[in-house]
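**Q** Below you will find the structure I want to go over with you.
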Amino acid sequence: MTRGGVAREDLFFKLAIADLQQAADLFRPIHDRTDSVHGWVSLEVPPLLTYDTRRTVEAASSLHAAATRPNLFIKIPRTKQGISAIEEATFRACRSTSRSSFRADSTQLQARRICAAFSAGSLRA
């Protein structure tokens, strides 16, 4: 807790969202000019949620709602639980992306699962 009684993680995300809103606003003309191809900013869900689908979805949805910028992605880990969270976040219209994984033996399989999660979430919407 901070001296003001605010949880440190809450304070971090409050400050991070304010910074990312400014960054998103700076990149917005690029985002608009390129039909959403470029000009994105991102924020990652708390790492402690890596193996908790429900709480990851809640955090992603909350961060996305607080950011209120069309060019802000919420990063979700590439764990089994994270891939499930990506599907649910997509269904809830939360723009998300997957955090990178650098294990060569699992990258293609994970990429396929992530694509399937985005598709499934979009089809449910």
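Each reported figure results from applying straightforward, stated rules to the coordinates on display, with no laboratory input. Model, not experiment: these values are computed from the prediction. Glycine also receives a Cβ, built like all others from the backbone with ideal geometry; neighbour counts cover every protein chain displayed.
**Q** Amide H to amide H under 5 Å from residue 44: which residues, 5+ apart in sequence or cross-chain, H placed 1.01 Å off N in plane?
**A** Correct list: 75.
**Q** Between 109, 63, 49, where does the largest GNM mean-square fluctuation fall for the chain, given springs only between Cα atoms within less than 10 Å?
**A** 109
**Q** Before rounding to the nearest 500, sum -39500 (n - 2.57) across all DSSP H runs of length at least 4 in the chain and divide by the residue total; then give [θ] at 222 nm in deg cm²/dmol.
**A** One gets -19000 deg cm²/dmol as the mean residue ellipticity at 222 nm.
**Q** Report the local net charge at residue 22: Lys and Arg +1, Asp and Glu -1, summed over other residues whose C-beta lies under 14 Å from its C-beta.
**A** Details: positive: 14, 28, 69; negative: 19, 25.
Computed value for this residue: +1.
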